[in-house]
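The values are calculated or read from the model by the stated rules, or taken from the named source; none is laboratory data. No experiment lies behind these values; they were computed from the predicted model shown. Positions of Cβ are generated from backbone atoms using ideal geometry, with glycine treated the same way; all protein chains shown enter the neighbour counts. SASA here: full protein model, heavy atoms, side chains in, ligands and nucleic acids out. Shrake-Rupley method; radii C 1.70, N 1.55, O 1.52, S 1.80 Å.
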Amino acid sequence: MELKIVCRKFDALTPHELYENLRLRSDVFVVEQQCIFLDLDNKDQHCYHLLLYGQEELVASSRLVPAGVSYAEMSIGRVVTSKMVRGTGVGRKLMQASIDQMYALFGQGPIKIGAQLYAKKFYESLGFVQTGEVYDEDGIDHIHMVKQ
């Protein structure tokens with residue numbers, strides 16, 4: 001599948017891009033993972049949003065967070081892939097594009113994430129290292145990880 005990458009600051013997202021992104025996040029985080037949480041946390045407005053489109057449909061996205069918004073370090077969050085593309089390598093392409101964009105936007109430096117525990121090996125394969133104990137976030141086990 002050929003992927004089109006769009007990366008925009010929040011204020012530059014079109015209404016359709018914003019809606020598609022929030023819809024995908026809701027489909028996966030709230031409905032599929034059955035997690036009742038406040039996705040709209042007032043951080044989106046300070047971030048860039050990386051959107052991956054396959055055949056004109058949003059299939060994955062992430063939130064590129066400047067240092068000082070979520071953590072002292074810059075961060076990648078709200079990493080999400082559509083159920084229809086899981087297992088195809090789209091998640092890896094999303095994360096690599098996110099890492100590349102982080103460095104292009106904010107310069108070289110450590111990137112911190114709050115990862116769902118089940119995805120630890122995936123993030124380790126991208127150079128992230130666990131930096132803390134397992135913690136519960138909205139009923140799902142998470143760990144902090146950093147890529148130096």
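Summary table
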read-out	value
Stretch in the chain that is longest and holds no GluC sites (Glu not before Pro) that DSSP places in a loop and that have at most 16 other beta carbons within 10 Å	57-132
Residue-normalised accessible area of the stretch 9-148, expressed per residue, 1.4 Å probe, Å²	53 Å²
Residue-wise HN-Hα coupling along the stretch 66-79, computed from phi with Karplus coefficients 6.51, -1.76, 1.60 (Hz; x: Gly, Pro)	x, 4, x, 8, 9, 9, 4, 8, 5, 8, 10, x, 6, 6
Solvent-accessible surface (1.4 angstrom probe) belonging to C35, in square angstrom, nearest 10	10 Å²
Shape category assigned to the stretch 80-148 from the gyration tensor of Cα positions, a/c cut at 1.5	oblate
Sequence-separation-based contact order of the chain, relative, with Cα cut under 8 Å and 6+ spacing, percent	19 percent
Local electrostatic count at V6 - Lys and Arg +1, Asp and Glu -1, tallied over other residues with Cβ under 11 Å	0
Sites matching chymotrypsin sites (Phe, Trp or Tyr not before Pro) across the stretch 21-50 that sit in DSSP coil, with at most 15 neighbouring C-beta atoms within 10 Å	F37
The stretch 113-128 - phi-based ³J(HN,Hα) in whole Hz, Karplus 6.51/-1.76/1.60, Gly and Pro as x	9, x, 9, 5, 4, 4, 9, 3, 5, 4, 5, 4, 5, 9, x, 7
Inter-part distance where the stretch 15-60 and the stretch 122-140 are each reduced to a Cα centre, Å	21 Å
Theoretical gain in end-to-end length, D136 to Q116 [0.36 nm per residue, Cα-Cα removed]	6.3 nm
Fraction of accessible area attributable to carbon and sulfur, the chain (%, probe 1.4 Å)	51 percent
